[in-house]
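In what follows, a single structure is set out as structure tokens and then discussed.
The values are calculated or read from the model by the stated rules, or taken from the named source; none is laboratory data. For clarity, every value in this text was computed on a predicted model and none was experimentally measured. Here the Cβ is made from the backbone with ideal geometry for all residues, glycine too, and neighbour counts use every protein chain on show.
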Amino acid sequence: MSTRPAIIFESPYPQPFLPNTSVFHYLFPDTVGGSPLAPLDPSLPAYIDGLDGRVLSRADVVDGALRLATGVRSLGVGRGDVAVLWGLNSLEWAHALYGCFAAGVTVSPANAGYSAGEIAHQINNSGASILFICPSLLPVLEAARPLLTRAIPADRVVLLAREAQAVPAAHPTIGGLLASEPGEAERFDGVNAHDTAVMCYSSGTTGLAKGVETTHHNLTSELQALNMGSRQLVSGVDVILGVLPFSHIYGLGMNFLQPAAMGCPVVVLPRFTEVAALAAIEKYRITHALIVPPIVVTLLNSTNVQHYDLSSLRTVVSGAAPLGGEIADAFARLIPGVVMLQAYGNTETSPVVLTAHAHEFAETEGSVATCGKLLPTYQARVVADGVDVGVGERGELWVRGPTVMKGYLHNAEATENAIVRGGWYRTGDIVVVNEGGWYEVVDRVKELIKYKGFQVPPAELEALVLQHPDVIDVGVVGIYDRAQATELPRAYIVVRGELDARREAALATHVAEWVAGRVANHKKLRGGVCIIDAIPKSASGKILRKELRVRAEAEIKD
Ligand code: 4UU
């Protein structure tokens, strides 16, 4: 045991007041007391459909939530139950989330691209008793039914359907439930503020996707910290591009909740497409865009950028995966007047850990390689081989504060590995902090792969590939694709039987296609399948991913 003392870094910003109230009451202080936020004009637009222009005002959001609280309760679901919310970004999605919050139901948002196996895992693991779903996903749900440990009856499969949409009559719709009489919103005061509000799925440092228990207190602390320390939004000024998936904590926190706290409209798009995003920026005079590195690269290479008036844009933030400084700098030059920032977060930290004010980024002398400073409420340590290191030295980032998750649902062992003694969450990322308190994320030591900001847990792909009849052993790692600014998952496999060049090529293609048919789009083995003699393992049988990564790097160079 080291006797070296911990070296604790503090956030440079003032500490915010941390309320004990529900996310709903925090965001909409006009409804009940307990929020430090000032009530805002109820007629302010909250969410705008970027495709058809429909608008939900703050009053619509609150009224809808109270009506849905009644509707949800009428289905026999209430406080403490879990709802899986499964669909692309939409106004109906927004209604469903706030309706669940008002009814005291924990929301577990799921990626709209999930396969039958992936959604079944989340429904089973979260213990969901109600599902909100885009009608277009019903066939995938049908395929998932045999995998469900507990059936969800048709009257608890609520369709995220627009009023005019024709849908199967067996299911209730959001529109139908919105016709209920308004009810009371559940309160989460005092110790109840530590009840779980949201449960996104994350593999964390290792293993399969786990339910991250994010409490009301975690989220209100996060929103207070953002408001206080950095990345402030201004009501009446800022308009937010809502293109990140709300089902991922980055989209949920920054595209969905923070703008609601600050009274800024979100222009909701179901997914990123170049032209729709650029047209929305022009039409709605969007000021603030949060994106991921592959979108930065797409826009940099786009011939469309100059055809749109993007002069309203003030800030563009890239996060969820590393972005090379030179790409970030080139992007900053692409749109005059835009400040380009990077920010860093985790599902387990609700999410932002590192970010800074736009004007502070001038301190970095024009380079945006850095992710910013510690958000208020956090303390941090930088730990190398079990020993705390100081300024200028590389080590794993450990953080603690009121935004660190309660834990992984039903998984004490994974929680204890992630949050160690003293309440420190081990991020699995290697950072260097400089004298000015700026952090650069320089490496990732956890096994997680990120494809365009989405999580790809290698353990999950390995378990799947092992089910293939020709595969004896497998190890999955990420390889970096510069052109797209993202990692691509690559599988190394050991196969049964004799191999010649023809069988090798055919099997590699076959396994990649076999996997593609069973996983969400972002988990496809885009980095290829390579056949090798043996997967490198430690004495205890753990896959030596570092060796596979070194091998992959050498192969890519060849
Ligand atoms: C290098 O990706 C996220 C959350 C991202 C986020 C949220 C709010 C970014 C900015 C923001 O304002 O969560 P997860 O759980 O899907 O993935 C977490 C992992 C990190 O451990 C790290 O490896 O994603 C990687 N990551 C980054 N890496 C996240 N942001 C960055 C970054 N640079 N800026």
Taking only pairs six or more apart or across chains, which ones have beta-carbon atoms under 8 Å, a first residue in the stretch 248-262 that is farther than 17 Å from residue 101 by Cβ and buried (at least 24 other Cβ atoms within 10 Å of the Cβ), and a second residue that is among the β-branched types (Val, Ile, Thr) and modelled with pLDDT under 95?
254/317
Residue 337 fails exactly one of (1) within 13 Å of the ligand (Cβ to nearest atom); (2) over 25 Å from the mean Cα position of the chain (by Cα); (3) of a type outside the set (A, V, I, L, M, F, W, C), namely (1)
Count, please, the residues in the stretch 380-404 that happen to be in contact (Cβ under 8 Å) with a residue 60 or more places away in the chain and either part of a loop (DSSP other than H, G, I, E, B) or within 15 Å of the ligand (Cβ to nearest atom) (or both).
9
Among the listed residues 299, 323, 310, identify the single one that is outside any loop (DSSP other than H, G, I, E, B) and either away from the ligand (no atom under 16 Å from the Cβ) or surrounded by 21 or more Cβ atoms within 10 Å (Cβ to Cβ) (or both).
299
What do you reckon, is residue 63 among the acidic types (Asp, Glu), more than 26 Å from the chain's Cα centre (by Cα) and modelled with pLDDT of 95 or more?
yes
With the requirement that a residue be closer than 21 Å to residue 502 by Cα and among the basic types (Lys, Arg), what does the stretch 521-558 give you?
526
Hey, among 35, 74, 11, 22, which residue is under 30 Å from residue 150 (Cβ atoms) and surrounded by fewer than 24 Cβ atoms within 10 Å (Cβ to Cβ)?
74
Count - residues of the stretch 199-217 that are of a type in the set (A, V, I, L, M, F, W, C), surrounded by 24 or more Cβ atoms within 10 Å (Cβ to Cβ) and within 11 Å of the ligand (Cβ to nearest atom):
2
So if I check each of 347, 377, which one is crowded, with 22+ Cβ neighbours inside 10 Å and either near the ligand (Cβ under 10 Å from one of its atoms) or within 24 Å of residue 243 (Cα to Cα) (or both)?
347
Within 12 Å of the ligand (Cβ to nearest atom) and either small (Gly, Ala, Ser) or outside any loop (DSSP other than H, G, I, E, B) (or both): does that describe residue 369?
yes
Step by step: first the residues of the stretch 234-256, then only those that are within 10 Å of the ligand (Cβ to nearest atom) and part of a loop (DSSP other than H, G, I, E, B), then the one that is nearest to residue 310 (Cα to Cα). Which residue is that?
244
Among 78, 34, which is the only one that is part of a loop (DSSP other than H, G, I, E, B) and on the phi < 0 side of the Ramachandran plot?
78
Do we find that residue 508 is buried (at least 19 other Cβ atoms within 10 Å of the Cβ) and at pLDDT 95 or above in this structure?
no
Hits in the stretch 493-542 (condition: aliphatic (A, V, I, L, M) and part of a helix (DSSP H, G or I))
501, 505, 506, 507, 508, 511, 512, 515, 516
The number of residues in the stretch 220-233 that are within 14 Å of the ligand (Cβ to nearest atom) and either among the charged types (D, E, K, R) or in contact with a Ser or Thr (Cβ under 6 Å, 6 or more places away or on another chain) (or both) is 4
What number of residues within the stretch 34-67 satisfy the criterion of being touching a residue at least 12 places away in the same chain (Cβ under 8 Å) and over 18 Å from residue 268 (Cβ atoms)?
11
Determine which single condition residue 261 fails, assuming it passes every other condition in (1) out of contact with any Leu (no Cβ under 7 Å at 6 or more places or on another chain); (2) more than 23 Å from residue 275 (Cβ to Cβ).
(1)
Being away from the ligand (no atom under 16 Å from the Cβ), exposed (fewer than 15 other Cβ atoms within 10 Å of the Cβ) and either under 20 Å from residue 364 (Cα atoms) or aliphatic (A, V, I, L, M) (or both): is that true of residue 279 here?
no
For the stretch 326-336, does any single residue satisfy the condition of being touching a residue at least 40 places away in the same chain (Cβ under 8 Å) and either assigned to a loop (DSSP other than H, G, I, E, B) or within 17 Å of residue 232 (Cβ to Cβ) (or both)?
no
Identify, from the list 59, 96, 116, the residue that is surrounded by 24 or more Cβ atoms within 10 Å (Cβ to Cβ) and of a type in the set (A, V, I, L, M).
96
Taking the stretch 202-228 and keeping residues in a helix (DSSP H, G or I) and either over 16 Å from the mean Cα position of the chain (by Cα) or at positive phi (or both) leaves 216, 217, 220, 221, 224, 225, 226, 227, 228
Scan the stretch 39-50 residue by residue and report those that are more than 23 Å from the chain's Cα centre (by Cα), surrounded by 12 or more Cβ atoms within 10 Å (Cβ to Cβ) and not charged (D, E, K, R).
39, 40, 42, 44, 45
Can you tell me which residue among 331, 272 is within 16 Å of the ligand (Cβ to nearest atom) and either in contact with a strand residue (DSSP E or B) (Cβ under 6 Å, 6 or more places away or on another chain) or within 23 Å of residue 432 (Cβ to Cβ) (or both)?
331
Name the residues in the stretch 443-476 that are at pLDDT 95 or above, β-branched (Val, Ile, Thr) and within 11 Å of the ligand (Cβ to nearest atom), would you?
449, 456
Could you please give the count of residues in the stretch 405-442 that are in contact with a Pro (Cβ under 7 Å, 6 or more places away or on another chain) and within 10 Å of the ligand (Cβ to nearest atom)?
1
In the stretch 477-487, residue farthest from residue 552 (Cα to Cα) [restricted to those that are modelled with pLDDT of 95 or more, surrounded by 22 or more Cβ atoms within 10 Å (Cβ to Cβ) and of a type outside the set (S, T, N, Q)]
487
Please determine whether any residue of the stretch 293-307 is of a type in the set (A, V, I, L, M, F, W, C) and within 20 Å of residue 399 (Cβ to Cβ).
no
